[in-house]
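*Asks:* Got a structure here, written out as structure tokens. Questions coming.
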Protein chains: 2
Amino acid sequence: MTKINVEKKIQSDNETIAEKNRRVFTDGDVFVLNIISSPGSGKTTLLEATLDRLASEFNILVIEGDVTTERDMDRVRAHGAGGIQINTGGGCHLSANMVSEVLPDLDLESADLVFIENVGNLICPATYDLGEDVRMVLLSTTEGDDKPMKYPAIFHESQMAVVNKIDLLPYLPYDIERAEKEVRVLNPQCEIMRVSALKGDGMDEWCDWLRGKLAAKRAG
Amino acid sequence: MTKINVEKKIQSDNETIAEKNRRVFTDGDVFVLNIISSPGSGKTTLLEATLDRLASEFNILVIEGDVTTERDMDRVRAHGAGGIQINTGGGCHLSANMVSEVLPDLDLESADLVFIENVGNLICPATYDLGEDVRMVLLSTTEGDDKPMKYPAIFHESQMAVVNKIDLLPYLPYDIERAEKEVRVLNPQCEIMRVSALKGDGMDEWCDWLRGKLAAKRAG
């Protein structure tokens with residue numbers, strides 16, 4: 001088998017399991033977000049800030065993907081989330097199968113929102129459907145405004161792009177309009193939002209977006 | 001063949017070609033640095049700042065690894081580097097074979113320093129020897145001080161760790177001592193340096209380190 005055929009087979013198998021996961025999530029009546037970014041863009045900080053605002057309103061579960069350590073799971077637990085850690089043991093992305101294996105350990109019946117924090121990697125997780133409702137890419141103002149065109153796959157595959165760390169804009173040579181324009185060129189349907197998870201800017205709008213997505217899913 | 005055996009075969013083939021590359025680099029009497037980091041940690045900005053200081057003193061070549069686009073190559077060319085772009089076409093790291101294929105197009109005989117800017121990815125490039133003299137990991141203060149323990153492989157495999165963007169420390173919840181301590185726990189032999197490629201802090205020491213490495217290699 002050629003390399004391309006092996007990759008097609010892996011993607012096809014992944015898609016089959018992702019569809020099964022999606023049915024489990026839909027049966028549980030939860031909204032599921034798959035969050036993808038470079039290391040250090042603020043995925044865990046965004047989850048902490050979201051939990052601080054929504055943990056009393058919704059039952060929130062987090063599936064934490066990491067190469068190693070339970071550090072991020074400890075952080076989100078401290079902010080009121082239940083959930084489970086997946087360590088990939090060096091692997092560079094989550095797969096639908098890894099998520100499938102932990103689903104029996106999650107109490108989806110009593111949950112509202114499920115956040116999947118993928119492994120910190122802007123390339124490899126892009127094409128792995130996990131069964132989520134929305135695939136989201138998190139950008140950071142500190143990473144440079146040229147990232148969308150340099151890592152196009154994840155922007156093609158995402159329905160939501162959030163630009164984090166906007167509180168640092170005064171100190172950075174970052175053209176946020178340029179970054180957002182590049183996202184729109186790659187994927188005109190992708191929604192875009194700006195936040196500072198650390199300082200709170202944009203977090204009300206972000207939480208409203210989550211409320212709206214959950215309500216829309218439950219309305220069928 | 002099991003997955004583990006396939007991976008061992010890939011690594012073994014890569015190591016064979018990396019040793020060939022290393023002989024070509026040694027015959028060319030150049031010092032070669034393989035720079036690895038997350039997207040947006042400042043690899044290209046560090047190269048620009050290095051070229052501004054050393055391009056009149058040394059003949060410098062850059063091998064630019066990217067998923068797509070020639071943006072980084074355009075940037076380093078504008079600062080006085082020769083070299084060549086490798087687009088991986090979606091691939092998440094450079095391999096020794098990709099580097100081997102472009103070596104005939106590089107004038108190593110008249111070069112002093114060769115910088116290989118790897119694809120922006122803190123996981124996948126870690127174990128791919130390209131034939132370099134030193135594998136270096138670039139950290140950014142904006143990424144959080146917990147990165148070494150969360151992405152240990154690259155810190156095990158690197159001989160040099162540079163912490164970039166130290167000019168932003170006043171605005172960040174970043175404990176630089178914690179990050180450096182984690183690097184030392186993972187790899188006590190790893191050298192560590194602090195810079196701001198954008199503002200210039202630490203760049204004199206960085207350039208002296210490069211001069212020393214080149215002199216040591218040429219002294220045999």
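Every number here is computed from the coordinates shown, using simple stated rules; none is lab data. For clarity, every value in this text was computed on a predicted model and none was experimentally measured. All Cβ positions, glycine included, derive from the backbone under ideal geometry; neighbour counts span all protein chains shown.
*Asks:* Greater than 26 Å separation of Cα atoms is the criterion. Which listed pairs, A:K20/A:K165; B:K181/B:K213; A:K8/B:K150, meet it?
*Replies:* Pairs exceeding 26 Å: A:K20/A:K165; A:K8/B:K150.
*Asks:* Quick one: with label points 7 Å out along Cα→Cβ, list the inter-copy distances for A:A55 in nm, shortest first?
*Replies:* Copy-to-copy label distances at A:A55, shortest first: 5.1 nm.
*Asks:* May I ask you to report, in nm to one decimal and beginning with the shortest, the distances from A:S12 to the same position in the other copies, taking label points 7 Å along Cα-to-Cβ?
*Replies:* Label point to label point, same position, other copies: 3.0 nm.
*Asks:* Which value in nm describes the separation of the simple spin-label points at A:A219 and A:E109, placed 7 Å from the Cα toward the beta carbon?
*Replies:* Using points 7 Å along Cα→Cβ, the separation is 2.8 nm.
*Asks:* Continuing with the same structure: At a threshold of 8 angstrom on Cα-Cα distance, excluding pairs fewer than six apart, so keeping six or more, what relative contact order does chain B reach in percent?
*Replies:* Across chain B, relative contact order equals 25 percent.
*Asks:* Sticking with this one: How far apart, in nm, are the 7 Å Cα→Cβ label points at B:V6 and B:S100?
*Replies:* 2.1 nm
*Asks:* If you check each cysteine of chain B for another cysteine whose beta-carbon is under 4.7 Å away, which ones come up empty?
*Replies:* B:C190, B:C207
*Asks:* Additional query: Distances from A:H156 to the same residue in each other copy, label points 7 Å out along Cα→Cβ, in nm, shortest first?
*Replies:* Taking the point 7 Å beyond Cα along Cα→Cβ, the inter-copy spacings are 3.3 nm.
*Asks:* Would you mind telling me which residue in B:K43, B:K165, B:K20 has the biggest mean-square fluctuation in a Gaussian network model of chain B, where springs connect alpha carbons within a distance under 10 angstrom?
*Replies:* Residue with maximal mean-square fluctuation among B:K43, B:K165, B:K20: B:K20.
*Asks:* What does the convex hull of the Cα atoms of region A:1-153 come to per residue, in Å³, rounded to a whole number?
*Replies:* For region A:1-153, the hull spanned by Cα atoms encloses 113 Å³ per residue.
*Asks:* Let me ask you something else. Using the Kirkwood formula on the Cα atoms of the protein assembly as shown, what hydrodynamic radius do you get, in angstrom to one decimal?
*Replies:* 22.6 Å
*Asks:* Place a +1 charge on the Cβ of each Lys and Arg in region B:106-205 and a -1 charge on the Cβ of each Asp and Glu, then give the dipole magnitude about the Cα centre in debye, rounded to the nearest 20.
*Replies:* Around 520 debye, computed over region B:106-205.
*Asks:* Taking θ = phi - 60°, what integer Hz values does the Karplus form 6.51 cos²θ - 1.76 cosθ + 1.60 yield along region A:34-40, in sequence order, with x for Gly and Pro?
*Replies:* 9, 9, 10, 6, 4, x, x
*Asks:* So, one more: Classify region B:13-78 from the C-alpha gyration tensor, please: rounded if a/c falls under 1.5, else prolate or oblate depending on whether a/b exceeds b/c.
*Replies:* oblate
*Asks:* Do the sum for the protein assembly as shown: with -39,500 (n - 2.57) for every DSSP H run of n ≥ 4, divided by all residues, what is the mean residue ellipticity at 222 nm, to the nearest 500 deg cm²/dmol?
*Replies:* So the helix-based figure for the protein assembly as shown works out to -12500 deg cm²/dmol.
*Asks:* What is the gain in length, in nm to one decimal, between B:Q159 and B:I192 on full extension, counting 0.36 nm per residue of separation less the C-alpha to C-alpha distance?
*Replies:* 11.0 nm
*Asks:* Using the membrane-span-like helix rule (whole DSSP H runs, Cα extent along the own axis of at least 15 Å, mean Kyte-Doolittle hydropathy at least -0.5), which helices of chain B qualify?
*Replies:* Helices passing the filter in chain B: B:43-54, B:176-186.
*Asks:* Rounded to the nearest Å, what's the spacing between the alpha carbon centres of region B:153-197 and region B:1-40? Just the number, please.
*Replies:* Spelled out, the Cα-based centre of one part sits 24 Å from the other.
*Asks:* Here's something else I'd like to know. Could you identify which residue out of A:L113, A:L139, A:L169 has the top mean-square fluctuation in a GNM of chain A using Cα springs shorter than 10 Å?
*Replies:* The residue with the greatest mean-square fluctuation here is A:L169.
*Asks:* Another one. May I ask you to evaluate 6.51 cos²θ - 1.76 cosθ + 1.60, the Karplus curve with θ = phi - 60°, for each residue of region A:163-173 and list the ³J(HN,Hα) values in order in whole Hz, giving x for glycine and proline?
*Replies:* Result, ordered by residue: 9, 9, 6, 6, 5, 8, 3, x, 9, 10, x Hz.
*Asks:* Note down the net charge around A:N164, summing +1 for each Lys or Arg and -1 for each Asp or Glu among other residues with Cβ under 9 Å from its Cβ.
*Replies:* Around A:N164, the surrounding residues sum to +3.
*Asks:* Rounded to whole Å, how close does chain B get to the rotation axis onto A by Cβ? Give me the residue too, please?
*Replies:* Nearest Cβ to the rotation axis, residue and whole-Å distance: B:T142, 2.
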